Amino acid sequence: MFSLRKAIAVVIALCIAIAGGQVIRLDCNRDFQTQVRNAPEGAELVGSMDCTFTLSQEVQIGKPLRIRNFRAQLRPGLGNTAAMIISSRGVQLFDFELIGNKDTVSFEDRESLLRVNAGGFSIINGTFVNSSRDGITVVPVGSTRTPITGGSIRNIYGYGVERDVVAVNSRHGLLTSRIYINGVEGYDSAQKGAVEVADGCQWIFVQNVYCERCFYAVSIQDHIRRERAGDAESQIQANHHIRFYNIRGRDLRYGVISETSPIGHSDITYTRLEFSDCRQAVYLRYMNDVSMRFLQVEQPKTGSPIVLAEECNRVRLSNAVFRNSRHRGIAIATNDCTELYVGSVVLESDTQFWAGLRVEVPPSLTGVPVTTAYNRFEAARNGVIIRRFRG
Ligand SMILES: *[C@@H]1O[C@H](CO)[C@@H](O)[C@H](O)[C@H]1NC(C)=O
Ligand SMILES: *[C@@H]1O[C@H](CO)[C@@H](O)[C@H](O)[C@H]1NC(C)=O
């Protein structure tokens, strides 16, 4: 039976949908910024993918709007200019493509295609091509200068983006936190990669990333110089509570990289990683409470250890498989790490490593350097090698 309750619910839903915003057609033959400025708060602007805006200045979005179905291109030679800047909470960008001009601007004039300076955003189904800097940069600067809390980035594609497809940064002690990134594909970013988390972020969730022909797939960073690492104010750039899940890549310099100083990055987890044809699959440095589970590495190019951790405390590495490799070096190496656990690591019979695990013990350590369990290192000439260097 058709209930009154249901009818009321439908009417309420309709009212919310209508009150949620007026729908306005975006006309790509008119100025994008003017149309954004004229739209009332909460409106939905809908363009067409058959028509491309050519931008001679950035489009500032300073109020909560939903903008969908559009394609915009930066005018060739136009430097120091983003395509779009989000400077209000609650902006939604869906189904769009932004095209940069990296071949026609100089290195000093590079700029990201989309700058996000406020939280509560939702950026879904976006493609970024030939950006002179990042695809998306989330960073609390610009007119707002407030911390960025909450935001979701989904289904993003980057082609030939000069730096990161998605970069999430804190700045000047303004914290960026609770950003959910799900689904990023990056191709041909020779300087950087798919996702970077930098300079003091917290609770950043990064999942379902694929990267090809990049410097790395994912990175944790700070910009503190080594000699300033001991200063109290340097810790502001330490990243905490970062979760990476299902990160894959091929033909990379690094799968996972840390571009960090010893300022106390902590609680960082990597779960489900799959890399092939990388020069070094994993490089961890200066991290506390770091865990990596379910790593698969194939056909690594020869060179450094496949997995390297340096000066990390409380490291857990488990469920890793190395296969199909002519690498004659070390599968996993750690330098000066404490409270190290390595378990359930398998070197398949089509590998021929010199060692499964090499642990270089920090000079200060007197206790047990490493706990190992359930590893299968038979394919290597040596299983575990422990080197103590005492001055
Ligand atoms: C994103 O794209 C998918 C697949 O094309 C589509 O199903 C979904 O509705 C899109 N999401 C938004 C918010 O536009
Ligand atoms: C991106 O740049 C490459 C060369 O660097 C060019 O071949 C390609 O057409 C560009 N793509 C777009 C959409 O402009």
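Is it the case, given these coordinates, that Asp188 is within 19 Å of Thr137 (Cβ to Cβ) and either among the β-branched types (Val, Ile, Thr) or surrounded by fewer than 24 Cβ atoms within 10 Å (Cβ to Cβ) (or both)? Yes: the conditions hold for Asp188.
Would you confirm, using the coordinates I've provided, whether Ile99 is among the β-branched types (Val, Ile, Thr), more than 15 Å from ligand 2 (Cβ to nearest atom) and buried (at least 18 other Cβ atoms within 10 Å of the Cβ)? Here the answer is no, as Ile99 does not meet what is asked. Whenever a residue of segment 147-174 is over 24 Å from Phe215 (Cα atoms), its partners that are of a type in the set (Ser, Thr, Tyr) and part of a loop (DSSP other than H, G, I, E, B), lying with C-beta atoms within less than 7 angstrom and at least six residues away or across chains, give the pairs Leu174/Thr146. Scan segment 24-48 for residues that are more than 31 Å from the chain's Cα centre (by Cα) and in a helix (DSSP H, G or I) and the total you get is 4.
The rows are residues; the columns are (1) assigned to a strand (DSSP E or B); (2) surrounded by fewer than 17 Cβ atoms within 10 Å (Cβ to Cβ).
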position	(1), (2)
Leu284	yes, no
Val290	yes, no
Pro305	no, no
Ala309	yes, no
Asn319	yes, yes
Ser325	no, no
Arg328	no, yes
Ile332	yes, no
Leu340	yes, no
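For the criterion of being touching a strand residue (DSSP E or B) at 6+ places or on another chain (Cβ under 9 Å), surrounded by 18 or more Cβ atoms within 10 Å (Cβ to Cβ) and at pLDDT 95 or above, Gly47 passes.
Hey, could you check segment 157-181 for residues that are more than 16 Å from ligand 2 (Cβ to nearest atom) and in contact with a Phe, Trp or Tyr (Cβ under 8 Å, 6 or more places away or on another chain) and say which is nearest to Ile99 (Cα to Cα)?
So the residue we want is Ile181.
Per the conditions (1) crowded, with 17+ Cβ neighbours inside 10 Å; (2) within 16 Å of ligand 1 (Cβ to nearest atom), the sole criterion not satisfied by Tyr180 is (1). Segment 73-144 holds strands (runs of 3 or more DSSP E) entirely within its bounds, and those carrying 2 or more residues that are more than 16 Å from ligand 1 (Cβ to nearest atom) map to 84-86, 114-116, 136-138. If you scan segment 87-104, which residues turn out to be more than 23 Å from Gly160 (Cα to Cα) and either at pLDDT below 95 or not small (Gly, Ala, Ser) (or both)? Of everything in segment 87-104, those that are more than 23 Å from Gly160 (Cα to Cα) and either at pLDDT below 95 or not small (Gly, Ala, Ser) (or both) turn out to be Arg89, Val91, Gln92.
The values are calculated or read from the model by the stated rules, or taken from the named source; none is laboratory data. None of the values given here were measured: they were computed from a predicted structure. When we count neighbours, we look across all protein chains shown, and the Cβ atoms used for this are built from the backbone with ideal geometry, even at glycine.
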